[in-house]
Amino acid sequence: MTISLPPRMTYRDGLATAMRRAMAESDNTIIIGQGVTDHKGIFGTTSDLHKEFPGRVIETPLSEDAVTGLCVGGAINGLYPINTHIRADFGLLAVNQLINMAAKYKYMFGGLFQVPMLVRMVIGRSWGQGAQHSQSLQSLFAHIPGLTVVMPSTPEAILRTYDHAVRTHKGPVVSFEHRLMYDLSFDTDQHPPVTDPFGSRLERRGKDVTIVATSIMVLEARRAAAHLAQHGIDCEVIDLHCVSRPDRKMIMDSVTKTGKLVVADTSWLPYGVSAEVCRIVAESDPGVLKAPVVNLGMALAPCPTAKSLEDVYYPDLHLTIDAVAKLVRGKADHGVPIPTHKSMTDFYKHFRGPF
Amino acid sequence: MTISLPPRMTYRDGLATAMRRAMAESDNTIIIGQGVTDHKGIFGTTSDLHKEFPGRVIETPLSEDAVTGLCVGGAINGLYPINTHIRADFGLLAVNQLINMAAKYKYMFGGLFQVPMLVRMVIGRSWGQGAQHSQSLQSLFAHIPGLTVVMPSTPEAILRTYDHAVRTHKGPVVSFEHRLMYDLSFDTDQHPPVTDPFGSRLERRGKDVTIVATSIMVLEARRAAAHLAQHGIDCEVIDLHCVSRPDRKMIMDSVTKTGKLVVADTSWLPYGVSAEVCRIVAESDPGVLKAPVVNLGMALAPCPTAKSLEDVYYPDLHLTIDAVAKLVRGKADHGVPIPTHKSMTDFYKHFRGPF
Amino acid sequence: MSRNDRYQELFRQALRIRLVEEKVIELYPSDKIQSPVHLSIGQEAVAVGVCEALRPEDAVYITYRGHAFYMAKGGPLPELMAELYGRRNGVSGGKAGSMHLAAPQVGVMGASAVVGSTISVAVGGAMANRILKKPGLSVVCFGDGATEQGTYHESLNLASLYGLPALFLCENNGLAVHASLAERQSYRILEHARSYGIETVRIDEGWDFLKIGDVTRQVTDAMRADGRPRVMEVMTCRYKEHVGPGEDFAAGYRSQAEVEAWMAKDPLCADTALVAELKPALDAEIDQAVAFAEAGELPGLDDLLTDVY
Amino acid sequence: MSRNDRYQELFRQALRIRLVEEKVIELYPSDKIQSPVHLSIGQEAVAVGVCEALRPEDAVYITYRGHAFYMAKGGPLPELMAELYGRRNGVSGGKAGSMHLAAPQVGVMGASAVVGSTISVAVGGAMANRILKKPGLSVVCFGDGATEQGTYHESLNLASLYGLPALFLCENNGLAVHASLAERQSYRILEHARSYGIETVRIDEGWDFLKIGDVTRQVTDAMRADGRPRVMEVMTCRYKEHVGPGEDFAAGYRSQAEVEAWMAKDPLCADTALVAELKPALDAEIDQAVAFAEAGELPGLDDLLTDVY
Ligand SMILES: Cc1ncc(C[n+]2csc(CCOP(=O)(O)OP(=O)(O)O)c2C)c(N)n1
Ligand SMILES: Cc1ncc(C[n+]2csc(CCOP(=O)(O)OP(=O)(O)O)c2C)c(N)n1
Ligand SMILES: [Mg+2]
Ligand SMILES: [Mg+2]
């Protein structure tokens, strides 16, 4: 499928375009969730679609569990439901339906049913989101066979992935969208076309170290790589994208070449993406590692509210650059200057609540 | 704390003893869940306690979410609630309370509250449990800071761990008990006293290979080790026990010595215990690995019902022995004869439903 | 069809279900069926009566206690038996077992073993039909215990709010495993349901397939006309233990007399003449189903990883 | 206390809450408060009236829209302000922010930002008191939207079934974010609650702290006597946007006239003389709280990993 895109696009525009396309594509598509028809329209990604597609953009009560079940029932009966959660945290009310039902409905009945549906979960961050509005729960779902879990990091990834989910894939897809990316603009032509829309993406070629990243950490990794390149460190960056089906070959080819691995994810390390990537390397060929793997993620605590705590809770550009440089140079005084601006952290400063 | 135990004890007796002790220990303890007062008494682990401790063993409606919330409310107000789920799968209805509330109630309020409580989740297996009665969901909870997740593999581990949870630890503990162990008898004196009841256990010393296992896979590992010992392969076996806080040092000391690692867990590999153990090694010192790590767990699918499918769904003694021998000898024709009996699988044959 | 023909046909269907389950009991000690069985014995009339009023395009969403509804809605018997045996020729190739029956070609849209979890799924089925302009009602069968789940509340609200033709059918056998209604519920099921603006109907005579058929026809006719949900409660009686092939009166959580009083009204127990008349043909059919199951291949490694995604 | 004294005292408390929140609005553009704020402006009388009838040993479980209840129940103001500032001298050392207020020493037992999730927690509090033979009611405050969650159904059933003195207090402002009741609910809240065998009471005059206090006293007296739950619905009106310091009438999801009609009855709007009389002292108190907050240290790395387990 070819997608023609404007040269620059925000993440939000990518989502809004994907939503409109999914609705226009087929009369079977519905968008359902709390706030999908209001003037905020899921941060501007479903705005006015209820006018354009009457009866197929459906406001709901606060009933995450039953609404998810309704989507499963719709899916096995010919609809393509797109269900929104403005915070992934609220998706925890829907895990029985997602894990016990959606993920198993095909297998449990020996293939008698298909459950094509998309669940959009937004990861909150910054402006005091606190413990219950900030969780990045991809690994809970990626552990479960039957669920496809993606974390698009660009508008292009959104468009290709959602188009593929809606038109071709016949199973449940859970997508984690990062709230802090909604307002960011992206060049759309920088990505080579992908053969598998659910596949991992080689974002940058390099020879000194492999950074495997997810979601907004792909942006941090790219910025870190740009800075490090000026100081003689050449990073390869892989956007894992589909966290439930990482591209083992892409990861192993890269780590075999570089011998060094950093995993940068949006959640906690234990039982997270870092762990999963380490499993892939350890199972495939740990001998390619010339140094211990470095993992970056949230601190091992619920998310605190105060800005000063949040600043140390999430890994930032400083930390990423410092960690990569230390790993590549093999010493703490690696000689790479740390930029004064904090990159994403700078951006977060401009990101003013409330949501 | 000293615990005096009879020389032999079933897993069920361990649980029943732990439950009675918890109730006798303090008037603040309650046991709450579906079926806790009936004649089956959670597979015989709560039987008749409602007569002995009237008003503190509480039958509930089918309301996993609110009952868990009730436990959180009880815990912050001075009770020690013990909540039962006869299948871990039903615990998925309680994850909002466990993850958004129990795990965060202390941190989110800056330490103003404590949430001492124990959630017992039983892992089903065999006799056609199927997709929704067989899940082993430890890694979903172990990913979450604030939750302590244990998987006791012996009556002794149950007693020490539950006593510690009830008397000393002040936070939420989720325990995964394996249904297939309930009927097994254990020698109680074979375990060295542990300093940390939540700590990992060195089950067997050996020099050729490290097997890190959980729950019933610890039993498989011990049997495999006994067989392999007769053929010149000396296994070290670690019972991970507390999957949310694995003993890094114990694992690294062992793998440093043996150079070879097998992880045998009761769930799926991605984002599971295998992944987490691989992370520990990869972050600490992957150079100690002399071969790729071998991971054993459930096949990457929901659990099928038919016995013939279940037999290939779970790793059995054959597979474990074969995998370990291959890893140690470095070749497929490792020369270790595979026993004809299937060990746990044999036992499962005697395990006749219904439940 | 005369009243008598109708009685005889519904009786036959109910008896067929009972005989199939009695065959399961007979086979169980052989370990050929290695699956937890939740028998409907005592409750067959509900499935038979309700399904009489349903059309092929109507869907039923059922539970782990699903043999009766699967058969009453027209699910094929040999494939059911083969599924219980865990064979490749089973309706789901052995992946489902007793707890997860489905036969979408006749509108059996799946059974869940997580109590209450198909209720909202059925509401979604009703919504799909409305959006896709397809005919057909969604009927979801669940036990009294399922009404205690939060999802029941959410689902009633959604169905009423959106005006969807979902029939919430509660088979009230007064028990959830061994716990009585009084231990679990502060509400009366229909009074509670009416507070959502949903019309309700109750049938006390859960053994009476004719009455259940009649009432269901009235209810579904009204639903086809107004497109609104309904809640229907049928009082019924489980004769066997909660799960498994046996009886458990000795456990003392309910009285045997109560069950025997129910049996006295149950045509399948009372009308021994008709049983004798119909049994041979049914037995023959069941024996064929068993033979079909026994001839089935075992699924294996090739099947393990199919149909996951 | 004469009626007038009482009026003046409750008015003062309500005004104090409003002025604190107006201070938040004033401070917000400075980015000193980096936390989503869900203001209670327009709803203060509910918290003040209800808490008048409560005793120190009674507990309240609240929501992300929690400033009013926190203050009305006696939570310290300087520590509240410092918490909004994310300072170490905040009531939770900056870990909580606006959405997670608590002050257990005065019975504020925590606020959740997951709608509906403290309801069952409050039921557990009531059960703990009964088992531990402690006095005190559990009061759980939630919005109309929270009643749509499954957990509400489960919690009403548990409280009624076990006979626990939990007061379910619904602040019905007719909105969940921007969605009206008609878009979300097929039931009437109290009629629904009565189906659980729970007595209910409704107050339409959500601006009238005296009436709310009187009714709450009657209700809580009855609860202390019979140990049973109650559901109380207070109609109220949110003046500001759902979250944030602004107004959003331009968005068109509700009419400004409706809110203005409410304001006309709100003593805090109408009784300008009393506002003028009380404001200076309150302003001084608030300024001190702000000074306290601004003087607070920022929490840092040392605090990040404390209180996790
Ligand atoms: C969510 C969930 N909780 C608990 C169970 C265990 N369980 C299986 S059947 C059952 C009782 C259900 O009672 P009811 O809904 O009345 O159906 P019945 O078995 O009487 O037909 C319970 C508690 C389960 N399967 N799912
Ligand atoms: C479980 C859950 N779903 C969705 C949300 C997003 N959300 C926050 S407040 C709110 C509306 C709640 O309405 P109501 O209970 O009436 O309280 P009010 O805000 O009107 O005081 C919603 C949908 C949430 N916080 N939690
Ligand atoms: Mg029942
Ligand atoms: Mg509201």
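Just so you know, all these numbers are worked out from the coordinates, no wet-lab data involved. For clarity, every value in this text was computed on a predicted model and none was experimentally measured. Cβ coordinates were reconstructed from backbone atoms using ideal geometry, including for glycine residues, and neighbour counts include every protein chain displayed.
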Exam field: C:Ala284 pseudo-label spacings to other copies (7 Å along Cα-Cβ), nanometres: 10.2
Work out how far the C-alpha atoms of chain C reach from end to end along every principal axis, then list the three figures in whole Å, largest first. 50, 50, 44
Between B:Tyr80 and residues 5 or more places away or on another chain, which pairs have amide H atoms under 5 Å apart, with H built 1.01 Å from N, and which residues are they? B:Thr29, B:Ile30
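For chain D, which DSSP H helices look membrane-span-like by this rule: Cα extent along the axis of 20 Å or more and mean Kyte-Doolittle of at least 0.0? Numbers along the way, then the final one.
Working: long enough: D:3-27 (35 Å, -0.74); D:209-226 (25 Å, -0.21); D:272-295 (34 Å, 0.60).
Span-like helices here: D:272-295.
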In chain C, what residue has the beta-carbon at the shortest distance from the axis of the rotation relating C to D, and what is that distance in angstrom, rounded to the whole number? C:Gly150, 1
Among the DSSP beta bridges whose two residues both lie in segment D:60-205, what percent are antiparallel, rounded to the nearest 5? 20
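Rounded to the nearest whole Å³, what is the per residue volume of the convex hull around the Cα atoms of chain B? Don't skip to the answer; put the middle values down first.
Values: hull volume 47.0 nm³, N = 355.
Dividing the Cα hull volume of chain B by its residues yields 133 Å³.
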Hey, what's the Kirkwood Rh for segment A:8-187 if you take every pair of different alpha carbons, in angstrom? 16.1
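Count the DSSP beta bridges whose two residues both fall in chain C, then state the antiparallel fraction as a percent rounded to the nearest 5. Intermediate values should be presented prior to the final figure.
On the way: 3 of 26 bridges.
Antiparallel bridges make up about 10 percent of those DSSP assigns within chain C.
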Give the aspartates and glutamates reachable from C:Lys134 as a straight Cα distance under 14 Å; neighbours fewer than 8 places away on the same chain don't count. A:Asp27, C:Glu57, C:Asp58
Give the aspartates and glutamates whose C-alpha is closer than 16 Å to that of C:Lys32, dropping any in the same chain fewer than 8 places away, or say none. B:Glu310, B:Asp311, C:Glu21, C:Glu22, C:Glu79, C:Glu83, C:Asp287, C:Glu294, C:Glu297
Kindly provide the Kirkwood hydrodynamic radius of the protein assembly as shown in Å, to one decimal, from all pairs of distinct alpha carbon atoms. 31.9
Do the sum for chain D: with -39,500 (n - 2.57) for every DSSP H run of n ≥ 4, divided by all residues, what is the mean residue ellipticity at 222 nm, to the nearest 500 deg cm²/dmol? -14000 deg cm²/dmol
Using a 7 Å Cα-to-Cβ projection, D:Asp31 label spacings across copies, nm, ascending: 7.1
Amide H to amide H under 5 Å from C:Arg202: which residues, 5+ apart in sequence or cross-chain, H placed 1.01 Å off N in plane? C:Glu233
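Loop by DSSP (not H, G, I, E, B), at most 14 other beta-carbon atoms within 10 Å: where is the longest site-free stretch of chain C for GluC sites (Glu not before Pro)?
On the way: sites that count: C:Glu57, C:Glu247, C:Glu297.
So the longest stretch without any such site is C:58-246.
Among A:Lys106/A:Lys170; B:Lys40/B:Lys170; A:Lys104/B:Lys40, which pairs are too far apart, with a Cα-Cα distance over 20 Å? Each step should come with its number before you reach the end.
Details: A:Lys106/A:Lys170 10 Å; B:Lys40/B:Lys170 30 Å; A:Lys104/B:Lys40 29 Å.
Beyond 20 Å between Cα atoms: B:Lys40/B:Lys170; A:Lys104/B:Lys40.
At R0 = 25 Å, how high is the FRET efficiency between C:Lys134 and A:Asp196 if r is their beta carbon distance? Nearest 0.05 is fine.
Working: r = 34 Å, r/R0 = 1.35.
E between C:Lys134 and A:Asp196, to the nearest 0.05, is 0.15.
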Per residue of chain A, what 222 nm ellipticity follows from adding -39500 (n - 2.57) for every DSSP H run with n ≥ 4, rounded to the nearest 500? -10000 deg cm²/dmol
So if I restrict to the alpha-carbon atoms in segment B:202-300, what is the Rg, and what is Dmax, the biggest pairwise distance, in Å? 12.2, 35
Taking A:Asp253 in one copy and the same position in all the others, each labelled 7 Å out along Cα→Cβ, what are the pairwise distances from the first, in nm, shortest first? 4.3
So for the pair C:Phe249, C:Lys265, with labels modelled 7 Å out along Cα→Cβ, what separation do we get in nm? 1.8
Taking B:Lys207 as the anchor, which lysines have their alpha carbon closer than 24 Å to its alpha carbon, excluding any fewer than eight residues away along the same chain? B:Lys249, B:Lys257, B:Lys260, B:Lys290, B:Lys326, B:Lys331
How far is it, in nm, from the label point at C:Thr272 to the one at B:Arg248 when both lie 7 Å from their Cα along the line to the Cβ? 7.6
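Which whole number of Å³ per residue matches the convex hull of the alpha-carbon atoms in segment A:221-272?
It comes to 95 Å³ per residue, whole-number rounded.
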Connecting every pair of Cα atoms under 10 Å apart in chain A and solving the GNM, the largest mean-square fluctuation among A:Ala301, A:Ala225, A:Ala142 falls on A:Ala301
DSSP loop trypsin sites (Lys or Arg not before Pro) in segment B:133-237 with at most 12 other Cβ atoms within 10 Å of their Cβ, which ones? B:Arg205
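What list do you get for D:Lys73, D:Lys95 if you sort them by fewest beta carbons within 10 Å? Walk me through the intermediate numbers first.
On the way: D:Lys73 24, D:Lys95 33.
Ordered from fewest to most neighbouring Cβ atoms within 10 Å, D:Lys73, D:Lys95 come out as D:Lys73, D:Lys95.
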Percent of beta bridges antiparallel (DSSP, the protein assembly as shown, rounded to nearest 5): 15
Expected unfolding gain across D:Arg6-D:Lys211 under the 0.36 nm per residue rule, minus the alpha-carbon gap, is 72.6 nm
